[in-house]
Amino acid sequence: MDLLIYGSGALACLFAFRLARAGQRVGILDHWEEGVRAIQAKGICQQTGDLAVSCQPVPATSSAQDLSNVPAAIVLVKSWQTAQAAADLAACLAPSARVLTLQNGLGNAEILAGALGAERVAAGSTTSGATLLAPGCFRPGGEGNLTLPASFESTRLCAALRAAGFQLAFTQQLTGLLWGKLLINAAINPLTALLEVPNGQILELPHARRLLAMAVEEAAQAARAAAVELPYTDPLAEVESVLRRTATNQSSMLQDIRRGAPTEIDAITGALLHSARQNQLWLPTHETLYHLVRAKVDAGRLADTLPNHA
Ligand SMILES: NC(=O)C1=CN([C@@H]2O[C@H](COP(=O)(O)OP(=O)(O)OC[C@H]3O[C@@H](n4cnc5c(N)ncnc54)[C@H](OP(=O)(O)O)[C@@H]3O)[C@@H](O)[C@H]2O)C=CC1
Ligand SMILES: CC(C)(CO)C(=O)C(=O)O
């Protein structure tokens, strides 16, 4: 295997499918047994808008002990699973292996670097979207950008991603890049999760659009207070463009809410609020969105414990 995708959720399936379709020797490692079993049985299946399904065989395992000397990996699990990913990768990577995280939120690269060494780990960012329809089966949610640190340009990982058709861009401004994605996620994910709408609907609902604009303005203020230069000049135009490009996608936070899983609200909105607080900045819209998402998750858990009166 030349490249390991750590994860078997929506985006992990999208990346592994495209790499396998391009003839790359890609494999999957994840602890989600149902996802791994489905991929072992049928491969990774992509369903497109016209309901056409095509499947690619991809080797998959739920145990790092099945792997050794893996030369490169991309981490595509949720931020609460990053510590587990770090421990697994430490057990199966080759000493010279490079690891790329494309996860949302802040703090993932630091967790991986703690276990693997900072020189082996880099964080990038993607605005591609995908929705998991069933274990091992995904629907792509629109073409996005894939931006990587300049230090990654010559790696075999980039060659594999290019061969799979990903459009790569490179940056020296990693903090700006990660904050650029943080702002997009902090604006889109909580709103779509709370309203339970696909990304594009936010643009159709006037009050949601107003909240989006308020969230974008506050996040841009937090970036300025942290002396971070965002990778775009007009944050609202950028967020609206992502919404249009991924209009049919269910955001990853909405997908979490729908299956009663933990959300990435802490790595996204929590990280933004933390930075703002350090700079004595108050972000009322994000503070409210943060607590509403937490309350919605708690309410969902409570509902699961109540007797069914139907
Ligand atoms: N999806 C998207 O469009 C995008 C996602 N991202 C980021 O990429 C990273 C990966 O996200 P994403 O691909 O959405 O992750 P998913 O939620 O699809 O998958 C992550 C993990 O959740 C568990 N899981 C997934 N689906 C189910 C299910 N139906 N039932 C039970 N468990 C399930 C599995 O692990 P386990 O059982 O161990 O919990 C799986 O490995 C995140 O950081 C995300 O923010 C970034 C851009 C876009
Ligand atoms: C870009 C976006 C909003 C696509 O859905 C995403 O990153 C996510 O869902 O987490």
Matching residues in segment 211-264 (within 15 Å of the chain's Cα centre (by Cα) and more than 14 Å from ligand 1 (Cβ to nearest atom)) number 0
Please verify whether segment 291-303 includes one or more residues that are within 16 Å of ligand 1 (Cβ to nearest atom), without any contact (Cβ under 8 Å) to a residue 40 or more places away in the chain, closer than 29 Å to CYS13 by Cα and outside the structural domain of CYS13 (by TED's automatic domain parsing). no
The condition from (1) under 23 Å from ALA271 (Cβ atoms); (2) buried (at least 20 other Cβ atoms within 10 Å of the Cβ) that ALA72 misses is numbered (1)
Output the residue which, of all residues in segment 45-69 that are among the hydroxyl-bearing types (Ser, Thr, Tyr) and open to solvent by 30 Å² or more (accessible area, probe 1.4 Å), is nearest to GLY107 (Cα to Cα). SER63
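Here's the yes/no breakdown for (1) without any contact (Cβ under 8 Å) to a residue 24 or more places away in the chain; (2) within 8 Å of ligand 1 (Cβ to nearest atom); (3) surrounded by 21 or more Cβ atoms within 10 Å (Cβ to Cβ); (4) not polar (S, T, N, Q):
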| position | (1), (2), (3), (4) |
| --- | --- |
| ALA134 | no, yes, no, yes |
| CYS137 | no, no, yes, yes |
| PRO140 | no, no, yes, yes |
| THR147 | no, no, yes, no |
Could you name every one of the strands (runs of 3 or more DSSP E) located completely within segment 110-163 that has at least 2 residues being aliphatic (A, V, I, L, M) and either away from ligand 2 (no atom under 16 Å from the Cβ) or modelled with pLDDT of 95 or more (or both)? 121-123
Would you point out which residue out of GLN103, GLN84 is crowded, with 22+ Cβ neighbours inside 10 Å and within 16 Å of ligand 1 (Cβ to nearest atom)? GLN103
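How many residues are open to solvent by 10 Å² or more (accessible area, probe 1.4 Å) and of a type outside the set (S, T, N, Q) if we restrict to segment 14-25?
Of the residues in that region, 6 qualify.
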Just checking, how many residues over segment 210-251 are charged (D, E, K, R) and surrounded by fewer than 17 Cβ atoms within 10 Å (Cβ to Cβ)? 6
THR171: passes all of (1) open to solvent by less than 10 Å² (accessible area, probe 1.4 Å); (2) within 28 Å of ALA73 (Cα to Cα) but (1)
Hey, can you tell me all the residues within segment 264-306 that are open to solvent by 90 Å² or more (accessible area, probe 1.4 Å) and either under 17 Å from LEU211 (Cα atoms) or at pLDDT 95 or above (or both)? HIS274, ARG277, GLN278, GLN280, TRP282, HIS291, ARG294
Could you tell me which residue of segment 28-44 is least open to solvent (accessible area, probe 1.4 Å), considering only residues that are more than 14 Å from ligand 1 (Cβ to nearest atom) and under 15 Å from ALA12 (Cβ atoms)? GLY43
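The values are calculated or read from the model by the stated rules, or taken from the named source; none is laboratory data. Note that the structure is a prediction, hence the values are computed from the model and not measured. Glycine also receives a Cβ, built like all others from the backbone with ideal geometry; neighbour counts cover every protein chain displayed. Quick note on the areas: whole protein, heavy atoms, side chains included, nothing else; ligands and nucleic acids left out. Shrake-Rupley method; radii C 1.70, N 1.55, O 1.52, S 1.80 Å.
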